[in-house]
1. Does residue 77 count as in contact (Cβ under 8 Å) with a residue 12 or more places away in the chain, under 18 Å from residue 131 (Cα atoms) and of a type in the set (A, V, I, L, M, F, W, C)?
2. Kindly indicate the residue of region 63-82 that is of a type in the set (S, T, N, Q) and under 13 Å from residue 144 (Cα atoms) and also nearest to the chain's Cα centre (by Cα) among those meeting that condition.
3. Filter region 30-62 down to the residues that are within 12 Å of the chain's Cα centre (by Cα) and of a type in the set (Phe, Trp, Tyr), then identify the one that is farthest from residue 20 (Cα to Cα).
4. Got a sec? Which of 24, 43, 84 is touching a residue at least 40 places away in the same chain (Cβ under 8 Å), surrounded by fewer than 16 Cβ atoms within 10 Å (Cβ to Cβ), out of contact with any Ser or Thr (no Cβ under 6 Å at 6 or more places or on another chain) and over 25 Å from residue 2 (Cβ atoms)?
5. If residue 97 passes every condition in (1) in a strand (DSSP E or B); (2) touching a Leu at 6+ places or on another chain (Cβ under 7 Å); (3) of a type outside the set (Ser, Thr, Tyr); (4) under 20 Å from residue 108 (Cα atoms) but one, which one does it miss?
6. Just name the residue that is farthest from the chain's Cα centre (by Cα) out of those in region 131-147 that are charged (D, E, K, R) and in a strand (DSSP E or B).
Amino acid sequence: MEVNEMAAEECKALLERASLGRLGCSYENQPYAVPIHFAYDSGYLYVFSTLGQKVKWMRANPKVCVQIDEIQNQGEWTSVIVSGQYEELPEPQYSAERKHASSLLANHSHWWLNGLGERQMKVGDQLIDPLFFRIRIQSMSGLRATDEDEKERHE
């Protein structure tokens with residue numbers, strides 16, 4: 001297996017294809033990682049959520065990272081790490097951005113069900129306010145592993 005760095009354009013291409021990643025945030029020196037569904041566009045990752053631990057922590061410390069993987073097998077995979085800044089998109093001042101986020105996320109089937117369904121089960125009949133946020137990408141890097149033995153077998 002050979003592991004190489006990915007060019008910025010390759011990292012962006014993975015972000016455009018992917019819709020699931022792991023968000024890392026921290027609060028008072030305690031890390032927290034959670035899966036998120038996202039959509040990438042023009043230097044941002046857009047996310048739908050509900051109010052919970054990750055949002056409370058990101059409000060307190062907006063520095064976050066997201067890891068995105070594509071795994072073919074143990075010897076062939078790509079992984080991108082995005083570092084950035086949490087930006088909440090509240091109504092009404094971010095109406096256009098929320099609409100844009102919703103349209104991007106709509107390309108992924110049932111993007112809102114997991115977060116909303118899970119939260120609704122916990123709170124019962126209480127009204128849940130949907131929350132949109134984005135991550136302003138400040139840096140990204142990626143690695144690609146290739147399995148030379150696997151390539152030779154298929155040639």
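No lab work stands behind these numbers, since they all come straight from the coordinates. The structure displayed is predicted, hence computed values, not measured ones. A quick note on method: Cβ atoms are made from the backbone with ideal geometry, for glycine too, and the neighbour counts reach across all protein chains shown.
1. Values: in contact (Cβ under 8 Å) with a residue 12 or more places away in the chain: yes; under 18 Å from residue 131 (Cα atoms): no; of a type in the set (A, V, I, L, M, F, W, C): yes.
Here the answer is no, as residue 77 does not meet what is asked.
2. Here is the first cut: in region 63-82, the ones of a type in the set (S, T, N, Q) are 67, 72-74, 78-79.
Filter again for under 13 Å from residue 144 (Cα atoms), leaving 72-74, 78-79.
On the way: 72: 20, 73: 22, 74: 22, 78: 15, 79: 13 Å.
Among residues in region 63-82 that are of a type in the set (S, T, N, Q) and under 13 Å from residue 144 (Cα atoms), the one nearest to the chain's Cα centre (by Cα) is 79.
3. It comes out as 44.
4. On the way: 24 fails: surrounded by fewer than 16 Cβ atoms within 10 Å (Cβ to Cβ); 84 fails: surrounded by fewer than 16 Cβ atoms within 10 Å (Cβ to Cβ).
The match here is 43.
5. (1)
6. Step one: list which residues in region 131-147 are charged (D, E, K, R), which gives 134, 136, 144, 147.
From what is left, the residues that are in a strand (DSSP E or B) are 134, 136, 144.
Values: 134: 9, 136: 11, 144: 19 Å.
Applying the filter and picking the extreme gives 144.
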